[in-house]
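Quick notes on the structure that follows.
The values are calculated or read from the model by the stated rules, or taken from the named source; none is laboratory data. From a predicted model like this one, the values you see are computed outputs, not experimental measurements. Virtual Cβ from ideal backbone geometry, glycine too; neighbours counted across all protein chains shown.
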Amino acid sequence: MQRTIFEPEHEQFRDSVRKFMQAEVAPHVDRWREEGMVDREVFLKAGEQGLLCIFGEEKYGGAGIEDMRFDQIIVEENMRHGDIGFYINLHNDLVAPYIHKLGNEEQKARFMPGIISGETILAVAMTEPSTGSDLAGMKTRAVDKGDHWVLNGAKTYISNGILGDLIVVAARTDPDRPHGISLFLVERGMEGFERGRKLDKMGLKSQDTAELFFTDVKVPTANLIGEAGQGFKYLAQMLAQERIIAAIGFMATAQTAFDLTLDYVKERRAFGKPIGAFQNTRFKMAQMRAELDMAQTYVDQCVMLLNDKALSAEDASSAKLLCSELEGRVMDQCVQFHGGAGYMEEYRISRMYTDARISRIFAGTSEIMLEIIGRGLGLDERKLS
Ligand SMILES: Cc1cc2nc3c(=O)[nH]c(=O)nc-3n(C[C@H](O)[C@H](O)[C@H](O)COP(=O)(O)OP(=O)(O)OC[C@H]3O[C@@H](n4cnc5c(N)ncnc54)[C@H](O)[C@@H]3O)c2cc1C
(Lines give C-alpha, C1' and ligand atoms only; values in the text may rest on other atoms or scores of the structure.)
Protein backbone atom coordinates (compact mmCIF):
# COMPACT_ATOMS: atom_id res chain seq x y z
CA MET A 1 0.00 0.00 0.00
CA GLN A 2 1.24 3.46 -0.81
CA ARG A 3 2.49 5.27 2.26
CA THR A 4 1.43 8.89 2.59
CA ILE A 5 3.41 10.38 5.46
CA PHE A 6 6.67 11.15 3.66
CA GLU A 7 7.61 14.37 1.84
CA PRO A 8 10.22 14.60 -0.95
CA GLU A 9 12.91 15.59 1.59
CA HIS A 10 12.28 12.34 3.46
CA GLU A 11 12.63 10.30 0.28
CA GLN A 12 15.95 12.00 -0.51
CA PHE A 13 17.09 11.30 3.01
CA ARG A 14 16.04 7.66 2.62
CA ASP A 15 18.26 7.31 -0.47
CA SER A 16 21.29 8.62 1.38
CA VAL A 17 20.63 6.44 4.44
CA ARG A 18 20.23 3.37 2.22
CA LYS A 19 23.58 4.09 0.55
CA PHE A 20 25.20 4.47 3.95
CA MET A 21 23.78 1.17 5.21
CA GLN A 22 24.82 -0.65 2.04
CA ALA A 23 28.36 0.76 2.08
CA GLU A 24 29.24 1.02 5.77
CA VAL A 25 27.13 -1.60 7.51
CA ALA A 26 26.14 -4.51 5.25
CA PRO A 27 29.70 -5.54 4.26
CA HIS A 28 30.59 -6.19 7.92
CA VAL A 29 27.55 -8.15 9.05
CA ASP A 30 29.07 -11.65 8.93
CA ARG A 31 32.23 -10.57 10.79
CA TRP A 32 30.22 -8.68 13.40
CA ARG A 33 28.03 -11.72 13.98
CA GLU A 34 31.15 -13.85 14.55
CA GLU A 35 32.70 -11.25 16.87
CA GLY A 36 29.45 -10.71 18.77
CA MET A 37 29.42 -6.94 18.33
CA VAL A 38 29.66 -4.16 15.78
CA ASP A 39 32.75 -1.95 15.32
CA ARG A 40 32.77 1.29 17.29
CA GLU A 41 33.73 3.03 14.04
CA VAL A 42 30.28 2.49 12.55
CA PHE A 43 28.88 4.94 15.11
CA LEU A 44 31.56 7.49 14.15
CA LYS A 45 30.74 7.02 10.47
CA ALA A 46 27.03 7.42 11.17
CA GLY A 47 27.89 10.60 13.09
CA GLU A 48 29.90 11.97 10.15
CA GLN A 49 26.94 11.24 7.88
CA GLY A 50 24.61 13.17 10.22
CA LEU A 51 22.59 10.10 11.21
CA LEU A 52 23.00 10.41 14.97
CA CYS A 53 20.39 12.43 16.85
CA ILE A 54 19.09 14.59 14.03
CA PHE A 55 16.99 16.27 16.70
CA GLY A 56 20.15 17.41 18.55
CA GLU A 57 20.67 21.14 18.86
CA GLU A 58 22.85 22.73 16.18
CA LYS A 59 25.26 24.13 18.76
CA TYR A 60 26.11 20.52 19.66
CA GLY A 61 26.45 19.33 16.06
CA GLY A 62 22.85 18.19 15.44
CA ALA A 63 20.44 19.34 12.75
CA GLY A 64 17.80 20.53 15.24
CA ILE A 65 15.05 18.64 13.38
CA GLU A 66 12.35 17.14 15.61
CA ASP A 67 10.59 14.92 13.07
CA MET A 68 10.27 11.23 13.92
CA ARG A 69 9.94 10.37 10.22
CA PHE A 70 13.70 10.83 9.81
CA ASP A 71 14.33 8.46 12.71
CA GLN A 72 11.81 6.04 11.21
CA ILE A 73 13.70 6.05 7.91
CA ILE A 74 17.02 5.33 9.64
CA VAL A 75 15.50 2.34 11.42
CA GLU A 76 13.77 1.03 8.28
CA GLU A 77 16.87 1.28 6.11
CA ASN A 78 19.09 -0.22 8.80
CA MET A 79 16.76 -3.21 9.17
CA ARG A 80 16.51 -3.77 5.41
CA HIS A 81 20.01 -2.92 4.17
CA GLY A 82 22.18 -2.69 7.28
CA ASP A 83 22.29 -4.86 10.37
CA ILE A 84 19.84 -5.28 13.22
CA GLY A 85 22.89 -5.58 15.51
CA PHE A 86 23.88 -1.99 14.73
CA TYR A 87 21.66 -0.57 17.46
CA ILE A 88 21.53 2.98 16.13
CA ASN A 89 17.92 3.37 17.27
CA LEU A 90 18.84 2.56 20.88
CA HIS A 91 21.46 5.30 20.71
CA ASN A 92 19.33 7.86 18.88
CA ASP A 93 15.79 7.35 20.01
CA LEU A 94 15.81 5.35 23.23
CA VAL A 95 18.70 6.82 25.23
CA ALA A 96 19.77 10.19 23.81
CA PRO A 97 16.34 11.73 24.58
CA TYR A 98 16.99 11.25 28.31
CA ILE A 99 19.78 13.80 27.95
CA HIS A 100 18.32 15.91 25.13
CA LYS A 101 14.89 16.28 26.76
CA LEU A 102 15.52 15.79 30.48
CA GLY A 103 19.15 16.80 30.88
CA ASN A 104 20.15 20.26 32.11
CA GLU A 105 22.22 22.67 29.99
CA GLU A 106 25.49 21.60 31.59
CA GLN A 107 24.78 17.91 30.92
CA LYS A 108 23.76 18.61 27.32
CA ALA A 109 26.89 20.67 26.69
CA ARG A 110 29.06 17.94 28.22
CA PHE A 111 27.54 14.92 26.53
CA MET A 112 25.55 15.81 23.40
CA PRO A 113 28.54 16.67 21.13
CA GLY A 114 30.06 13.19 21.66
CA ILE A 115 26.67 11.51 21.30
CA ILE A 116 26.02 13.28 18.00
CA SER A 117 29.52 12.61 16.62
CA GLY A 118 29.40 8.92 17.63
CA GLU A 119 32.37 9.13 20.00
CA THR A 120 30.06 8.43 22.94
CA ILE A 121 27.93 5.30 22.51
CA LEU A 122 24.81 5.07 24.66
CA ALA A 123 23.02 2.36 26.62
CA VAL A 124 20.21 2.22 29.17
CA ALA A 125 20.23 -0.11 32.17
CA MET A 126 16.94 -0.88 33.88
CA THR A 127 16.66 -4.68 33.94
CA GLU A 128 18.22 -6.61 36.82
CA PRO A 129 18.87 -10.31 37.37
CA SER A 130 15.77 -10.55 39.57
CA THR A 131 13.45 -8.07 37.84
CA GLY A 132 12.54 -6.86 34.37
CA SER A 133 8.83 -6.25 33.81
CA ASP A 134 8.34 -5.29 37.45
CA LEU A 135 10.75 -2.37 37.69
CA ALA A 136 9.40 -1.42 41.10
CA GLY A 137 11.25 -4.50 42.35
CA MET A 138 14.60 -2.93 41.42
CA LYS A 139 17.41 -3.57 43.92
CA THR A 140 20.19 -1.35 42.54
CA ARG A 141 20.55 1.48 45.05
CA ALA A 142 22.06 4.94 45.10
CA VAL A 143 22.67 6.79 48.34
CA ASP A 144 22.98 10.57 48.51
CA LYS A 145 26.33 11.76 49.93
CA GLY A 146 25.94 15.47 49.26
CA ASP A 147 28.14 16.18 46.23
CA HIS A 148 27.86 12.63 44.88
CA TRP A 149 25.76 9.45 45.04
CA VAL A 150 27.12 5.99 45.85
CA LEU A 151 25.74 3.41 43.44
CA ASN A 152 25.61 -0.34 44.14
CA GLY A 153 23.89 -3.11 42.21
CA ALA A 154 23.82 -5.18 39.05
CA LYS A 155 22.03 -4.94 35.71
CA THR A 156 21.62 -7.56 33.03
CA TYR A 157 20.62 -7.99 29.36
CA ILE A 158 21.93 -4.50 28.59
CA SER A 159 22.16 -3.72 24.86
CA ASN A 160 25.37 -1.91 23.85
CA GLY A 161 26.52 -3.15 27.26
CA ILE A 162 30.12 -3.60 26.15
CA LEU A 163 30.40 -0.74 23.64
CA GLY A 164 28.45 1.74 25.76
CA ASP A 165 30.40 4.74 27.05
CA LEU A 166 27.55 6.51 28.79
CA ILE A 167 24.84 4.49 30.49
CA VAL A 168 21.52 5.77 31.82
CA VAL A 169 21.18 3.69 34.98
CA ALA A 170 17.97 3.42 36.99
CA ALA A 171 18.51 3.00 40.73
CA ARG A 172 16.39 3.08 43.86
CA THR A 173 17.01 6.27 45.85
CA ASP A 174 14.05 6.08 48.20
CA PRO A 175 13.87 2.67 49.90
CA ASP A 176 10.42 3.39 51.34
CA ARG A 177 8.65 4.10 48.05
CA PRO A 178 8.27 1.35 45.40
CA HIS A 179 8.52 4.06 42.73
CA GLY A 180 11.33 5.97 44.46
CA ILE A 181 13.74 5.59 41.57
CA SER A 182 16.23 8.02 40.02
CA LEU A 183 18.20 8.04 36.77
CA PHE A 184 21.97 8.51 36.65
CA LEU A 185 24.51 9.02 33.90
CA VAL A 186 27.27 6.49 34.53
CA GLU A 187 30.41 7.01 32.47
CA ARG A 188 32.95 4.50 31.16
CA GLY A 189 35.94 4.43 33.49
CA MET A 190 34.13 5.42 36.69
CA GLU A 191 35.75 3.49 39.52
CA GLY A 192 33.67 0.48 40.57
CA PHE A 193 31.77 0.25 37.26
CA GLU A 194 32.56 -3.14 35.65
CA ARG A 195 31.21 -5.02 32.65
CA GLY A 196 30.33 -8.66 33.13
CA ARG A 197 29.85 -11.30 30.45
CA LYS A 198 28.88 -10.53 26.90
CA LEU A 199 25.85 -12.81 26.84
CA ASP A 200 25.31 -15.58 24.27
CA LYS A 201 21.91 -15.20 22.66
CA MET A 202 19.50 -17.11 20.41
CA GLY A 203 19.59 -14.26 17.89
CA LEU A 204 20.87 -10.68 17.49
CA LYS A 205 24.32 -12.21 17.25
CA SER A 206 26.14 -8.99 16.35
CA GLN A 207 24.65 -7.04 19.24
CA ASP A 208 26.59 -6.84 22.49
CA THR A 209 24.19 -7.64 25.31
CA ALA A 210 25.93 -7.63 28.66
CA GLU A 211 25.85 -7.65 32.43
CA LEU A 212 26.91 -4.51 34.29
CA PHE A 213 28.09 -4.28 37.88
CA PHE A 214 28.29 -1.23 40.15
CA THR A 215 30.30 -1.43 43.37
CA ASP A 216 30.47 1.77 45.41
CA VAL A 217 30.52 3.84 42.21
CA LYS A 218 30.78 7.54 43.08
CA VAL A 219 28.40 9.25 40.67
CA PRO A 220 28.69 13.06 40.86
CA THR A 221 25.46 14.92 41.63
CA ALA A 222 25.97 16.61 38.26
CA ASN A 223 25.20 13.21 36.66
CA LEU A 224 21.70 12.89 38.14
CA ILE A 225 19.07 13.26 35.41
CA GLY A 226 16.28 15.63 36.40
CA GLU A 227 15.09 15.38 39.98
CA ALA A 228 15.82 12.60 42.44
CA GLY A 229 12.93 10.19 42.93
CA GLN A 230 11.26 11.08 39.61
CA GLY A 231 12.81 8.24 37.59
CA PHE A 232 9.55 6.36 37.08
CA LYS A 233 7.86 9.45 35.71
CA TYR A 234 10.77 10.00 33.28
CA LEU A 235 10.79 6.36 32.15
CA ALA A 236 7.05 6.57 31.50
CA GLN A 237 7.52 9.77 29.47
CA MET A 238 10.02 8.03 27.19
CA LEU A 239 8.23 4.72 26.77
CA ALA A 240 5.73 5.78 24.07
CA GLN A 241 8.59 6.83 21.79
CA GLU A 242 10.57 3.69 22.67
CA ARG A 243 7.63 1.48 21.72
CA ILE A 244 6.96 3.21 18.43
CA ILE A 245 10.60 2.98 17.45
CA ALA A 246 10.44 -0.72 18.33
CA ALA A 247 7.28 -1.19 16.23
CA ILE A 248 8.92 0.61 13.29
CA GLY A 249 11.76 -1.90 13.43
CA PHE A 250 9.44 -4.91 13.68
CA MET A 251 7.51 -3.74 10.62
CA ALA A 252 10.72 -3.17 8.65
CA THR A 253 12.04 -6.66 9.37
CA ALA A 254 8.66 -8.26 8.65
CA GLN A 255 8.37 -6.36 5.34
CA THR A 256 11.92 -7.40 4.42
CA ALA A 257 11.20 -11.06 5.22
CA PHE A 258 8.04 -10.88 3.15
CA ASP A 259 9.90 -9.48 0.13
CA LEU A 260 12.68 -12.09 0.38
CA THR A 261 10.05 -14.80 0.54
CA LEU A 262 8.02 -13.44 -2.35
CA ASP A 263 11.14 -13.71 -4.53
CA TYR A 264 11.84 -17.17 -3.19
CA VAL A 265 8.37 -18.64 -3.85
CA LYS A 266 8.50 -17.36 -7.42
CA GLU A 267 11.82 -19.14 -8.03
CA ARG A 268 11.67 -22.36 -6.04
CA ARG A 269 9.93 -25.19 -7.89
CA ALA A 270 8.13 -28.31 -6.65
CA PHE A 271 5.87 -30.72 -8.52
CA GLY A 272 6.74 -29.00 -11.78
CA LYS A 273 5.81 -25.43 -10.81
CA PRO A 274 6.98 -22.56 -8.65
CA ILE A 275 5.77 -23.05 -5.08
CA GLY A 276 4.16 -19.61 -5.36
CA ALA A 277 1.68 -21.14 -7.79
CA PHE A 278 0.10 -23.30 -5.07
CA GLN A 279 -3.07 -21.81 -3.69
CA ASN A 280 -1.82 -22.28 -0.13
CA THR A 281 1.21 -20.11 -0.86
CA ARG A 282 -0.83 -17.47 -2.67
CA PHE A 283 -3.39 -17.21 0.11
CA LYS A 284 -0.85 -17.07 2.91
CA MET A 285 1.27 -14.46 1.07
CA ALA A 286 -1.90 -12.45 0.39
CA GLN A 287 -2.94 -12.66 4.03
CA MET A 288 0.49 -11.42 5.15
CA ARG A 289 0.44 -8.59 2.59
CA ALA A 290 -2.93 -7.39 3.88
CA GLU A 291 -1.88 -7.59 7.54
CA LEU A 292 1.45 -5.85 6.90
CA ASP A 293 -0.25 -2.98 5.08
CA MET A 294 -2.76 -2.50 7.88
CA ALA A 295 -0.13 -2.55 10.59
CA GLN A 296 2.19 -0.22 8.64
CA THR A 297 -0.60 2.30 8.27
CA TYR A 298 -1.20 2.20 12.01
CA VAL A 299 2.50 2.69 12.76
CA ASP A 300 2.79 5.59 10.30
CA GLN A 301 -0.19 7.23 11.99
CA CYS A 302 1.47 6.75 15.38
CA VAL A 303 4.63 8.44 14.05
CA MET A 304 2.59 11.47 13.00
CA LEU A 305 0.82 11.54 16.38
CA LEU A 306 4.20 11.36 18.11
CA ASN A 307 5.36 14.33 16.02
CA ASP A 308 2.26 16.19 17.26
CA LYS A 309 2.95 15.08 20.86
CA ALA A 310 -0.45 13.38 20.80
CA LEU A 311 0.52 9.72 20.99
CA SER A 312 -0.93 7.97 24.03
CA ALA A 313 0.81 5.21 26.00
CA GLU A 314 -2.01 2.87 24.96
CA ASP A 315 -1.60 3.66 21.24
CA ALA A 316 2.13 3.03 21.46
CA SER A 317 1.58 -0.20 23.38
CA SER A 318 -0.92 -1.38 20.75
CA ALA A 319 1.66 -0.75 18.03
CA LYS A 320 4.39 -2.57 19.94
CA LEU A 321 2.09 -5.49 20.74
CA LEU A 322 0.53 -6.00 17.32
CA CYS A 323 3.65 -5.37 15.24
CA SER A 324 5.80 -7.74 17.28
CA GLU A 325 3.13 -10.45 17.16
CA LEU A 326 2.68 -9.93 13.42
CA GLU A 327 6.44 -9.99 12.87
CA GLY A 328 6.61 -13.31 14.72
CA ARG A 329 3.87 -14.85 12.56
CA VAL A 330 5.41 -13.50 9.34
CA MET A 331 8.88 -14.82 10.19
CA ASP A 332 7.48 -18.25 10.99
CA GLN A 333 5.49 -18.44 7.76
CA CYS A 334 8.42 -17.16 5.69
CA VAL A 335 10.73 -19.83 7.13
CA GLN A 336 8.05 -22.41 6.27
CA PHE A 337 7.97 -21.26 2.64
CA HIS A 338 11.76 -21.60 2.45
CA GLY A 339 11.52 -25.27 3.46
CA GLY A 340 14.82 -26.74 4.70
CA ALA A 341 16.71 -23.72 3.37
CA GLY A 342 14.80 -21.61 5.88
CA TYR A 343 16.50 -23.52 8.68
CA MET A 344 20.02 -22.89 7.34
CA GLU A 345 22.11 -20.09 8.84
CA GLU A 346 23.34 -19.11 5.39
CA TYR A 347 19.83 -18.01 4.45
CA ARG A 348 18.98 -14.60 5.78
CA ILE A 349 15.44 -15.67 6.68
CA SER A 350 16.79 -18.17 9.19
CA ARG A 351 18.73 -15.45 11.01
CA MET A 352 15.80 -13.05 10.83
CA TYR A 353 13.57 -15.66 12.46
CA THR A 354 15.77 -16.00 15.54
CA ASP A 355 16.49 -12.26 15.67
CA ALA A 356 12.76 -11.56 15.76
CA ARG A 357 11.96 -13.73 18.76
CA ILE A 358 13.05 -11.01 21.16
CA SER A 359 10.55 -8.49 19.78
CA ARG A 360 7.71 -9.87 21.92
CA ILE A 361 9.90 -9.71 25.03
CA PHE A 362 11.98 -6.54 25.17
CA ALA A 363 10.77 -2.95 25.38
CA GLY A 364 7.98 -4.44 27.50
CA THR A 365 6.60 -7.95 26.92
CA SER A 366 3.37 -8.58 25.02
CA GLU A 367 1.66 -9.32 28.34
CA ILE A 368 2.75 -5.97 29.78
CA MET A 369 1.48 -4.21 26.63
CA LEU A 370 -1.91 -5.89 27.17
CA GLU A 371 -1.85 -4.72 30.80
CA ILE A 372 -1.26 -1.10 29.72
CA ILE A 373 -3.98 -1.19 27.07
CA GLY A 374 -6.37 -2.92 29.48
CA ARG A 375 -5.75 -0.40 32.26
CA GLY A 376 -6.43 2.37 29.74
CA LEU A 377 -9.92 0.87 29.40
CA GLY A 378 -10.45 1.34 33.13
CA LEU A 379 -9.91 -2.38 33.76
CA ASP A 380 -7.39 -1.85 36.53
CA GLU A 381 -7.30 -4.60 39.14
CA ARG A 382 -6.17 -2.15 41.83
CA LYS A 383 -9.04 0.25 41.15
CA LEU A 384 -11.80 -2.28 40.46
CA SER A 385 -11.31 -4.56 43.48
C1 LIG B 1 18.40 -9.12 23.76
C2 LIG B 1 17.87 -8.31 24.89
C3 LIG B 1 18.18 -6.97 24.97
C4 LIG B 1 17.72 -6.21 26.06
N5 LIG B 1 18.13 -4.91 26.19
C6 LIG B 1 17.85 -4.25 27.35
C7 LIG B 1 18.44 -2.97 27.61
O8 LIG B 1 19.18 -2.41 26.78
N9 LIG B 1 18.17 -2.37 28.80
C10 LIG B 1 17.36 -2.94 29.75
O11 LIG B 1 17.17 -2.35 30.79
N12 LIG B 1 16.80 -4.16 29.52
C13 LIG B 1 17.03 -4.83 28.36
N14 LIG B 1 16.50 -6.07 28.14
C15 LIG B 1 15.62 -6.66 29.15
C16 LIG B 1 14.17 -6.74 28.72
O17 LIG B 1 13.59 -5.49 28.65
C18 LIG B 1 13.48 -7.68 29.72
O19 LIG B 1 13.98 -8.99 29.49
C20 LIG B 1 11.98 -7.65 29.58
O21 LIG B 1 11.45 -6.42 30.02
C22 LIG B 1 11.29 -8.77 30.39
O23 LIG B 1 11.75 -8.79 31.70
P24 LIG B 1 12.25 -10.17 32.34
O25 LIG B 1 13.25 -10.78 31.41
O26 LIG B 1 12.67 -9.92 33.73
O27 LIG B 1 10.98 -11.12 32.32
P28 LIG B 1 9.91 -11.22 33.49
O29 LIG B 1 9.47 -9.86 33.91
O30 LIG B 1 10.43 -12.15 34.53
O31 LIG B 1 8.70 -11.91 32.72
C32 LIG B 1 8.61 -13.33 32.52
C33 LIG B 1 7.24 -13.62 31.93
O34 LIG B 1 6.22 -13.23 32.88
C35 LIG B 1 5.30 -12.37 32.25
N36 LIG B 1 4.78 -11.37 33.17
C37 LIG B 1 5.48 -10.55 33.99
N38 LIG B 1 4.64 -9.71 34.63
C39 LIG B 1 3.39 -10.01 34.21
C40 LIG B 1 2.08 -9.49 34.51
N41 LIG B 1 1.90 -8.48 35.35
N42 LIG B 1 1.03 -10.05 33.87
C43 LIG B 1 1.19 -11.07 33.01
N44 LIG B 1 2.38 -11.58 32.67
C45 LIG B 1 3.47 -11.07 33.28
C46 LIG B 1 6.09 -11.69 31.14
O47 LIG B 1 5.23 -11.14 30.14
C48 LIG B 1 6.94 -12.85 30.64
O49 LIG B 1 6.21 -13.62 29.74
C50 LIG B 1 16.90 -6.82 27.04
C51 LIG B 1 16.56 -8.18 26.94
C52 LIG B 1 17.06 -8.93 25.91
C53 LIG B 1 16.75 -10.40 25.87
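Worth a mention:
- Filtered residue count, the range 101-147, keeping only those that are part of a helix (DSSP H, G or I) and modelled with pLDDT of 95 or more: 13
- Every test in (1) out of contact with any strand residue (DSSP E or B) (no Cβ under 9 Å at 6 or more places or on another chain); (2) not in a helix (DSSP H, G or I) is passed by ALA341 save one, and that test is (2).
- Selection from the range 344-384 of residues that are outside any helix (DSSP H, G or I), surrounded by fewer than 17 Cβ atoms within 10 Å (Cβ to Cβ) and more than 15 Å from the ligand (Cβ to nearest atom): MET344, GLU345, GLU346, LEU377, GLY378
- Residues located in the range 76-87, provided they are buried (at least 23 other Cβ atoms within 10 Å of the Cβ) and within 12 Å of ILE245 (Cβ to Cβ): ASN78, MET79, TYR87
- Residue within the range 276-294 that is without any contact (Cβ under 8 Å) to a residue 40 or more places away in the chain, touching a helix residue (DSSP H, G or I) at 6+ places or on another chain (Cβ under 7 Å) and within 16 Å of the ligand (Cβ to nearest atom) present: no
- Top-ranked residue of the range 106-159 - restricted to ones that are within 21 Å of ASP216 (Cα to Cα) and among the acidic types (Asp, Glu), ranked as nearest to the ligand (Cβ to nearest atom): GLU128
- Residue match in the range 219-239 (condition: in a strand (DSSP E or B) and of a type in the set (Phe, Trp, Tyr)): no
- Of all residues in the range 359-385, those that are in contact (Cβ under 8 Å) with a residue 40 or more places away in the chain have Cβ atoms under 7 Å from Cβ atoms of residues that are polar (S, T, N, Q) and more than 10 Å from the ligand (Cβ to nearest atom), 6 or more apart or on another chain, in SER359/SER324; SER366/SER324; MET369/SER317; ILE372/SER317; ILE373/SER317; ILE373/SER318.
- The residues in the range 187-236 that are closer than 30 Å to ALA310 by Cβ, under 16 Å from the mean Cα position of the chain (by Cα) and surrounded by 15 or more Cβ atoms within 10 Å (Cβ to Cβ) can be counted, and the count is 1.
- Hits in the range 65-94 (condition: outside any helix (DSSP H, G or I) and either under 12 Å from the mean Cα position of the chain (by Cα) or charged (D, E, K, R) (or both)): GLU66, ASP67, ASP83, ILE84, GLY85, PHE86, TYR87
- Within the range 137-171, the set of residues being of a type in the set (A, V, I, L, M) and closer than 21 Å to GLY226 by Cα comprises MET138, ALA142, VAL143, VAL150, LEU151, LEU166, ILE167, VAL168, VAL169, ALA170, ALA171.
- When every residue of the range 165-172 is checked against the conditions, at least one turns out to be of a type outside the set (Ser, Thr, Tyr), assigned to a loop (DSSP other than H, G, I, E, B) and touching a residue at least 40 places away in the same chain (Cβ under 8 Å).
- The listed residue being polar (S, T, N, Q) and either touching a Ser or Thr at 6+ places or on another chain (Cβ under 6 Å) or closer than 17 Å to LEU185 by Cβ (or both), out of THR131, THR120: THR120
- Sole exception among (1) within 16 Å of the ligand (Cβ to nearest atom); (2) at negative phi for GLY36, by number: (2)
- If the condition is being among the β-branched types (Val, Ile, Thr) and closer than 26 Å to ILE181 by Cβ, then the range 231-268 contributes ILE244, ILE245.
Conditions (1) touching a strand residue (DSSP E or B) at 6+ places or on another chain (Cβ under 6 Å); (2) touching a residue at least 60 places away in the same chain (Cβ under 8 Å); (3) closer than 24 Å to LEU183 by Cα, marked per residue:
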{"residue": "GLU24", "(1), (2), (3)": "no, no, no"}
{"residue": "PRO27", "(1), (2), (3)": "no, no, no"}
{"residue": "ARG31", "(1), (2), (3)": "no, no, no"}
{"residue": "GLY56", "(1), (2), (3)": "no, yes, yes"}
{"residue": "VAL75", "(1), (2), (3)": "no, yes, no"}
{"residue": "HIS81", "(1), (2), (3)": "no, yes, no"}
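- Taking the conditions (1) more than 16 Å from the ligand (Cβ to nearest atom); (2) within 21 Å of TYR98 (Cα to Cα) in turn, GLU194 satisfies each one other than (2).
- Of the candidates LEU224, LEU199, LEU212, LEU204, the single residue that is under 30 Å from GLU34 (Cβ atoms), out of contact with any helix residue (DSSP H, G or I) (no Cβ under 7 Å at 6 or more places or on another chain) and in contact (Cβ under 8 Å) with a residue 60 or more places away in the chain is LEU212.
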